[in-house]
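Working notes, structure below.
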Amino acid sequence: MAEKVEAIWIAVGGQKTRTGYYAPSLSAANFVAEVAADGTLDDIHTAMEALSDCTLEKQTVQVLQHVGAETVPTVATARRKWGARVFYADAVNGQKGSFTIPGIKVARMPTTGDVIDLGSTGWVDLVTAFEAGAQSADDNDVTITKAIMIGRRA
């Protein structure tokens, strides 16, 4: 069974928001490769951080927790009420899922409309890392299908 991963972000004003997705099942054989610094989950979170003005505080995988600095962002765009909703599908059974990255950097937003070009700067890194390291709830590979801007942009 795939492991549920939760990332907790800090937005402007210290508000917190969460992102969840699935990763491969953890065992003694793959634990370090998946969880350690420069592991698969670190690659996914590094790609997410490059797209967001919010601060990634911690990640939780079952009972494991990696805690980062509790730094409140000063960038006005680091808002938890706007972000990018990223959609993915199980490569075997087509089961769909999604996660949200809060506080998307202005430079990573689409210039027109709400649909994000997954081949653009920063987004291709997320697609590569996520498809290489995340799993569906059924422990199958996943494919990112699209990403859209969500929430209020003021």
GNM, the chain, Cα, under 10 Å: largest mean-square fluctuation among 139, 125, 114?
114
Add +1 for every Lys or Arg and -1 for every Asp or Glu among the other residues with Cβ under 13 Å from the Cβ of residue 30, and state the total.
-3
Using alpha-carbon coordinates, inclination of helix 40-51 to the longest axis of the chain, degrees
10
If I build a Gaussian network model for the chain, linking alpha-carbon pairs within less than 10 angstrom, which residue out of 73, 24, 102 has the largest mean-square fluctuation?
73
What whole-number volume per residue, in cubic angstrom, does the convex hull of the C-alpha atoms of the stretch 5-60 give?
68
For the stretch 3-151, alpha-carbon Rg and Dmax in angstrom:
14.7, 47
Selection from 107, 134, 97 lying farthest towards where the dipole of the stretch 3-151 points positive, charges on Cβ
107
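Coordinate-derived values only; no laboratory data. The model shown is predicted, which means the values in this text are computed figures rather than measured ones. All Cβ positions, glycine included, derive from the backbone under ideal geometry; neighbour counts span all protein chains shown.
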